[in-house]
Amino acid sequence: MGLLDGKVAFVTGAARGQGRSHARRLAEEGADIIAIDACTTQDWLSYRLATEADLAQTAKEVEATGRRIIARQVDVRDLSAVRNVLAEAVPELGGRLDIVCANAAIISQPAPTWEIDLDQWRELIDVTLTGVFVTVKAAIPHMIAAGNGGSIALTSSGAALISGAGLGDYKAAKAGVLSLTRTLACELAEHFIRVNAICPTAVDTPMIQNETLYRSFRPDLPNPGREDVKAGFQTMNLLPIPWVDPVDVSNAIVWLASDAARYITGVTLPVDAGNQHK
Ligand SMILES: NC(=O)c1ccc[n+]([C@@H]2O[C@H](COP(=O)([O-])OP(=O)(O)OC[C@H]3O[C@@H](n4cnc5c(N)ncnc54)[C@H](O)[C@@H]3O)[C@@H](O)[C@H]2O)c1
């Protein structure tokens with residue numbers, strides 16, 4: 001018996017990192033999975049995004065739980081492609097959609113806001129905020145039509161809760177996600193569809209575990225690595241850890257999707273090791 005037996009979940013950015021972990025954890029609790037990821041990268045990003053092989057690995061891990069997965073290479077900015085995958089997958093998985101995890105996003109390099117390139121600003125907002133809008137725009141009609149209520153979790157960030165210089169584009173997108181969460185919670189309550197935001201502190205995924213970030217944290221070292229940035233990351237959290245694991249965020253997603261959270265909607269849930277109180 002799982003917490004989510006018989007349910008169907010849609011996860012974006014599912015090829016690796018938190019998205020893969022969400023897909024696996026939701027499947028472990030009994031949900032079938034619809035997974036999308038762009039599996040491509042942008043030249044200006046300082047780190048690589050996921051690959052088709054990564055998405056195939058997610059599919060393998062979900063199937064190992066005994067649940068079904070329909071995984072497709074789709075960009076969250078492409079409304080018709082997102083609609084097409086749901087039009088194919090929802091009937092295939094029994095005509096219902098219970099859980100949505102709008103997780104896909106990109107992050108920029110910290111820079112003073114007035115120095116952010118305009119095209120880069122537009123592209124980051126397009127993926128990280130408009131991509132969430134596209135995800136829910138495509139998914140909600142299926143949830144309402146199925147009439148089973150449901151849980152939508154929008155991934156924001158601890159960065160949207162605290163003040164600080166840099167990442168003005170990313171923080172603006174993630175603050176937009178918080179506002180969207182509350183609006184949707186009001187609009188969807190009558191359908192018993194709950195909408196909540198998750199705000200993680202640093203999470204142990206390639207978004208932070210990459211050479212460019214290591215170098216910006218430790219410019220004093222010729223070849224900084226994971227171990228060299230741990231202490232710096234730890235200063236940001238109240239609990240004495242540098243980052244949380246993807247599964248810590250997935251467990252919050254599972255809980256929000258479960259009956260244990262059946263009357264919880266419109267909240268901003270930090271999974272942040274106390275980061276916002278530092
Ligand atoms: N890692 C952190 O420290 C951290 C902290 C707070 C919030 N977050 C948020 O958590 C979420 C998951 O990030 P992660 O840590 O797993 O990073 P990640 O880079 O490992 O995963 C992001 C995934 O989204 C995919 N993606 C990017 N652009 C896409 C697009 N246009 N369409 C479809 N898929 C796309 C990537 O290919 C990748 O698989 C993001 O919303 C991120 O902003 C991350």
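Quick rundown of the values:
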| item | result |
| --- | --- |
| Built amide H within the under 5 Å cut-off of I34, gap 5+ | A9, F10, V11, I70 |
| Carbon and sulfur %, accessible surface of the stretch 31-148 computed with the full protein complex present, 1.4 Å | 49 percent |
| Cut-off 11 Å between beta-carbons: net charge of the residues surrounding V134, Lys and Arg +1, Asp and Glu -1 | 0 |
| Distance between modelled label sites at A260 and A64, nm, 7 Å Cα→Cβ extension | 2.4 nm |
| Candidates per chymotrypsin sites (Phe, Trp or Tyr not before Pro) in the stretch 39-118, loop by DSSP, up to 13 other Cβ within 10 Å | W44 |
| Calculated [θ] (222 nm, deg cm²/dmol) that DSSP helices of n ≥ 4 give over the chain, each run adding -39,500 (n - 2.57) | -12500 deg cm²/dmol |
| C-alpha long axis of helix 79-92 to longest principal axis of the chain, angle in ° | 40 degrees |
| Listed residue pairs exceeding 30 Å between alpha carbons, taken from K137/K230; K174/K230; K174/K278; K7/K174 | K137/K230 |
| Added length on full extension, which subtracts the Cα-Cα distance from 0.36 nm per residue, F192 to S163 | 7.1 nm |
| Karplus 3J(HN,Hα) series, Hz, for the stretch 194-211 with 6.51 cos²θ - 1.76 cosθ + 1.60 (x for Gly, Pro) | 9, 10, 9, 10, 10, 10, x, 6, 4, 10, 6, 9, x, 4, 10, 8, 8, 4 |
| Cα gyration tensor, the stretch 35-146 - rounded (a/c under 1.5), prolate or oblate | oblate |
| Cα-based equivalent ellipsoid, the stretch 122-220: semi-axes from gyration tensor eigenvalues, Å | 31, 13, 12 |
| Unit Cα scatterers, Debye sum, the stretch 21-75: log10 I(q)/I(0) for q = 0.25, 0.27, 0.29 Å⁻¹ | -0.90, -0.99, -1.09 |
| W44-T212 pseudo-label distance in nm [points 7 Å out on the Cα-to-Cβ vector] | 1.1 nm |
| For L221, solvent-accessible area (1.4 Å; no DNA, RNA or ligand), Å² | 50 Å² |
| Listed residues A38, A53, A159, most fluctuating in the chain (Gaussian network, C-alpha, under 10 Å) | A53 |
| Largest to smallest accessible area among K7, K174, K60 [probe 1.4 Å] | K60, K7, K174 |
| Accessible-area composition of the stretch 207-278, carbon plus sulfur, in percent [1.4 Å probe] | 56 percent |
| Cβ-derived FRET efficiency at R0 35 Å, M1 paired with A175, nearest 0.05 | 0.35 |
| More than 23 Å apart - percent of Cα-Cα pairs taken over the chain | 50 percent |
| Residues L79 and T235, FRET efficiency given R0 of 51 Å [Cβ-Cβ distance, rounded to 0.05] | 0.80 |
| Förster-model FRET efficiency, 22 Å R0, D126 and T183, C-beta, rounded to 0.05 | 0.70 |
| Relative packing of 64-76, 128-140, which averages over residues the other C-beta atoms within 10 Å, highest first | 128-140, 64-76 |
| Selected from V267, V249, V177 as most flexible by GNM, with the chain as the system and alpha-carbon contacts under 10 Å | V267 |
| Angle in degrees between helix 246-257 and the longest Cα principal axis of the chain, rounded to the nearest 10 | 30 degrees |
| Solvent exposure of the chain as accessible area per residue, Å², 1.4 Å probe | 44 Å² |
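The values are calculated or read from the model by the stated rules, or taken from the named source; none is laboratory data. Just so we're clear, the structure is a prediction, and the values are computed from it rather than from any experiment. Backbone-built Cβ (ideal geometry, glycine too); neighbour counts: all protein chains shown. The area values use the complete protein model at the heavy-atom level, side chains included, leaving out ligands, DNA and RNA. Shrake-Rupley method; radii C 1.70, N 1.55, O 1.52, S 1.80 Å.
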